1. Cross-link partners among aspartates and glutamates for A:K99, C-alpha distance below 18 Å, same-chain residues fewer than 8 apart left out?
2. What FRET efficiency, computed as 1/(1 + (r/R0)^6) with R0 = 22 Å and r the Cβ-Cβ distance, is obtained for A:S87 and B:K120, rounded to the nearest 0.05?
3. Cα centroid distance between region B:200-228 and region A:104-136, in Å?
4. How big is the charge dipole of region A:4-231 about its Cα centre, in debye rounded to the nearest 20, if each Lys and Arg gets +1 on its Cβ and each Asp and Glu gets -1 on its Cβ?
5. Inside 10 Å of the C-beta atoms of B:215-227, what's the mean count of C-beta atoms belonging to other chains?
6. When every alpha-carbon pair in region B:31-296 is counted, what percent end up more than 25 Å apart?
7. Quick one: order A:I216, B:I212 by neighbouring beta-carbon count within 10 Å, fewest to most.
8. So which residue, out of B:V136, B:V65, B:V253, gets the largest mean-square fluctuation from a GNM of chain B using Cα contacts under 10 Å as springs?
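Here, each number is a calculation from the coordinates, and none is a lab measurement. Source: prediction; values computed, not measured. Cβ coordinates were reconstructed from backbone atoms using ideal geometry, including for glycine residues, and neighbour counts include every protein chain displayed.
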Amino acid sequence: MYDPTVARLTYRALLGRRRALILGALPLLLIAISVVVRGLAGADDQTASDLLGGLALATMVPIIGVIAGTGAIGPEIDDGSVVYLLSKPLKRPTIIFTKLIVAIAVTMVFSALPTLIAGFILNGNGQQIAVAYTVAALVSSIAYAAVFLLLGTVSRHAVVFGLVYALVWEALFGSLVPGARTLSVQQWSLAVAHKVAGGDLVTSDVGLTTATVLLIVVTVLATWYAGQKLRALTLAGEE
Amino acid sequence: MAVEHPVTAPSGDQTRIHNIGYRNYDGPRLGRAYARRSLYSQSLRGSYGLGRSVKSKVLPMLLFVVMCVPAAIMVAVAVATKADELPVDYTRYAIVMQAVISLYVASQAPQSVSRDLRFKTVPLYFSRPIETADYVRAKFAALASALFVLTAAPLLVLYIGALLAKLDFADQTKGFAQGLVSVTLLSLLFAGLGLVIASVTPRRGFGIAAVIAVLTISYGAVSTLQAIADAQNSTGSIAWIGLFSPVTLIDGVQSAFLGATSAFPGGIGPSDGEGVVYVLVVLGLIAACYGLLMRRYRRVGL
């Protein structure tokens, strides 16, 4: 199910040249802000929770997820070079699964690791906040990577739709319409984080069972359907 | 099998160029200004998907509708409740809808320049009588105009609605004018930033993500820091932190000079002196974007 060559090519496509720069800039910014905040405000659990929840989990993880998830397959389909990959004697689901693993790994490294570091800088993992948000980032990395990889195979405008989901649905509608929060990767991962932290600082609108079930279902379904889409891929011309 | 005839070497005066009767072009030469205008109108139309496929019309039109519908609802509410002012200020509207504006810039800036880079059509543009400055100005002006249409249309809806609801004419006109100044600045700033980022990469998807990351992450970071500064009662630093993201820059300018109430935490906008810095930074950023674009397109080979 895992093909090292496809993985190597995907890593190179994702992290080659300038792409690694923007992927690396976001985590650096988060850590820089954490240092500034620690200097300004000192160690404070509530501040740490706000910053990690608002900036790291709500903004950074989805954006890196979009870049890694759609970037793993989107550009190849876009410029048509995916046919060379598809013409190799590899099962299409294997290709998708390998690309998913790579996308998850990249998202985790660039979002969960900085979250952990930022958490330790902010309050030295007081009340398990750093670990809780890191777990949330890890869990949501998996779901985001799967969903956005699927988007990459479905639409040529995958990045836009991914961002619309991440920014408009989760952030805007999620804050206005309570029901929208049930269908939000961010809230599911927060439910897991809530379990880890145990306190009242990390809260979620979704129960742990629902969240876990939905996370697994979404990830598996998205991966399966992406494999199906790739089996019957039609290459379209530009626009 | 073809028989090869010996070529008789033409000698001296016998060579000549035959005129086989093609006509020369003797119509009007429309020149540089015309080419620039065409590029501008094509780019502007392209920003709303006009003249392109149905699929590429969907997103810009959808975002345009999403921008205008809340304005229409607000007008309806104001009329129905017979309020004596609109539920939201003209200047505040763009700040509230910033996510939609960011998405529009992110989706249309790469559309405008990245495809030219990817399909290597930029050298073709420069084979016409236009120069680097013309290309950059046309693209910049087109995206800024498209953004202005996007941000000014809901204000127009609000204004017309306010007049129909017989709100105070002088008051509303002043607010509308202030709103227009603010969205003009916003359009120029966002268009510049979007184009500079998008012109670096020929990959459309990557350009979109980069633009959105710059716009939203900077806003997220700045508003987080401002909230913390507010909680620490260091209100003096709030205004200075606001200099580091496009949205808060516009917010600062309009709350200093355009009579807007600031969206900064605690509602404390910059003072007049700080406001001058804000205006200078905004104008400096727009100029810097223009300069960077000029530099980007100086080498046409790409």
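1. Here the aspartates and glutamates satisfying the reach criterion relative to A:K99 are A:D3, A:E76, A:D78, A:D79.
2. Numbers: r = 26 Å, r/R0 = 1.19.
The formula returns an efficiency of 0.25 here.
3. So the separation of the two Cα centres works out to 21 Å.
4. Its charge dipole is roughly 1080 debye.
5. Details: counts 0, 9, 9, 1, 1, 12, 10, 1, 2, 8, 7, 0, 4.
Across the residues of B:215-227, the mean count of other-chain Cβ atoms within 10 Å is 5.
6. Working: 16880 of 35245 pairs.
That fraction is 48 percent.
7. Final ranking by Cβ density, sparse to dense: A:I216, B:I212.
8. Greatest mean-square fluctuation among the candidates belongs to B:V65.
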